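Below is one structure, written out as C-alpha cells, with a few remarks after it.
The values are calculated or read from the model by the stated rules, or taken from the named source; none is laboratory data. Since we're looking at a predicted model, the values are computed, not measured. All Cβ positions, glycine included, derive from the backbone under ideal geometry; neighbour counts span all protein chains shown. The protein model used for the area step is the full one, side chains on, heavy atoms only, and it has no ligands, DNA or RNA in it. Shrake-Rupley method; radii C 1.70, N 1.55, O 1.52, S 1.80 Å.
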Amino acid sequence: MSDYTKSTNFATKDNLSSGNALKIVKGTEIDTEFNNIATAISTKADLASPTFTGTPTLPTGTIGVTQSTGNSSTALATTAFVQAALSALYPVGSIYTNATSSTNPGTSLGFGTWTAFGAGRVMVGFNASNALFDAAEETGGSADSIVVSHTHTATVTDSGHNHSGYVGSASGGAAGGGNAVPTGVITATTGTATTGISVANSTTGVSGTNTNYQPYITVYMWKRTA
C-alpha cells in the first residue's frame, strides 16, 4: 500500500520573507497534494469489512473477531476460532490416534482431557444385531487360540469274510468196503463283526499362546474424556 508523501513543504514557505514569490501557495501545488492524498487513500483498506489483496500479514498480538463454527468463507480467523474448530472435530468421546508420537493430545492439540485407550486391543464397529457389539466399549475376545471342546463319531463296518478249505477224495478198497468221499471246496461265511477294532477321539480343546491375532499394526490411541 502507498503512503502519502508531501510534494510541497508549506512550512518552508511560511519562513520566506514577504514579497518572495515562492512564499505564495499555488493552486497547482494544492492540486498535487490532493492527488497524492487521494492515491494514498485509494490503496488503504476500509476499517469496516475490508477486502485485502496480495498477501496480508497481521502484526503480532493482533486481536480479531472470532468467527462462527463452520464458517468456510475467506474471513480472517483468530486462534480462538481455530481451537474451537479443532475441539468440534474431536468432541468428548472421540478417539485420537498417532502412529509415532506418544504425546498426550491435550498437549499437542491444546485442549481437552485425554486418556490412553484400548491397550492391546483393536476396534470393531457397532452392531445392534450382535450381542457382542451392541454397546459402546464392550470388550471380548482372547489372545489365545482355542479349539472348542467337541466329540467325533466313528462307524466301522465289516462286510464279512470267508474261510475256505479243500476236501480230497478217498475210495474204499476191497478190504474196507467203504464208499468214496467226493472232492470239493468247503466255504464258510461269517457275518459283520467289529471285534478288535477301536476308535479314539478327544473331547478336550487345544490351546495355543498368542496364536489368535489378526494382522495388526501398533499405534498410540487416546480417548477424549472432557
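Answer with yes or no whether Ser49 is part of a loop (DSSP other than H, G, I, E, B) and open to solvent by less than 80 Å² (accessible area, probe 1.4 Å). Against the criterion (part of a loop (DSSP other than H, G, I, E, B) and open to solvent by less than 80 Å² (accessible area, probe 1.4 Å)), Ser49 does not qualify. Scanning the stretch 97-110 for residues that are at pLDDT 95 or above, surrounded by 12 or more Cβ atoms within 10 Å (Cβ to Cβ) and not β-branched (Val, Ile, Thr) yields a total of 4.
Candidates in the stretch 76-102 are the residues that are touching a strand residue (DSSP E or B) at 6+ places or on another chain (Cβ under 6 Å) and β-branched (Val, Ile, Thr); of these, the one that is nearest to Glu137 (Cα to Cα) is Ile95. Count of the stretch 126-136 residues, restricted to those that are within 26 Å of Ala85 (Cα to Cα) and open to solvent by less than 80 Å² (accessible area, probe 1.4 Å), is 0.
Among the candidates Ser72, Ser94, which residue alone is surrounded by fewer than 13 Cβ atoms within 10 Å (Cβ to Cβ) and on the phi < 0 side of the Ramachandran plot? If you could, list the steps in order and put the result at the bottom.
Details: Ser94 fails: surrounded by fewer than 13 Cβ atoms within 10 Å (Cβ to Cβ).
One residue alone meets the criteria, Ser72.
Go through the stretch 1-11 and count every residue that is over 28 Å from Thr51 (Cα atoms), out of contact with any Asp or Glu (no Cβ under 8 Å at 6 or more places or on another chain) and open to solvent by less than 70 Å² (accessible area, probe 1.4 Å).
The number of residues fulfilling the criteria is 2.
For the stretch 132-154, the criterion of being in a helix (DSSP H, G or I), at pLDDT 60 or above and within 23 Å of Arg224 (Cβ to Cβ) is met by no residue. Taken together, the residues in the stretch 69-116 that are in contact (Cβ under 8 Å) with a residue 40 or more places away in the chain, more than 10 Å from Trp222 (Cα to Cα) and not hydroxyl-bearing (Ser, Thr, Tyr) amount to 4. Taking every residue in the stretch 4-18 that is farther than 14 Å from Asp31 by Cα and pairing it with any residue that is open to solvent by 70 Å² or more (accessible area, probe 1.4 Å) and part of a helix (DSSP H, G or I), at least 6 positions away or on another chain, the pairs with Cβ-Cβ distances below 7 Å are Lys13/Leu22; Leu16/Leu22. Of all residues in the stretch 117-131, those that are under 23 Å from Pro105 (Cα atoms) have Cβ atoms under 8 Å from Cβ atoms of residues that are surrounded by fewer than 10 Cβ atoms within 10 Å (Cβ to Cβ), 6 or more apart or on another chain, in Arg121/Thr139; Val122/Gln214; Val122/Tyr216.
Mind listing whichever residues of the stretch 202-226 are modelled with pLDDT of 95 or more and over 15 Å from Val122 (Cα atoms)? Those that are modelled with pLDDT of 95 or more and over 15 Å from Val122 (Cα atoms): Arg224, Thr225, Ala226. For the residues Ile63, Ile24, Ile30, Ile37, the requirement of being open to solvent by 100 Å² or more (accessible area, probe 1.4 Å), of a type outside the set (Gly, Ala, Ser) and at pLDDT 85 or above singles out Ile24.
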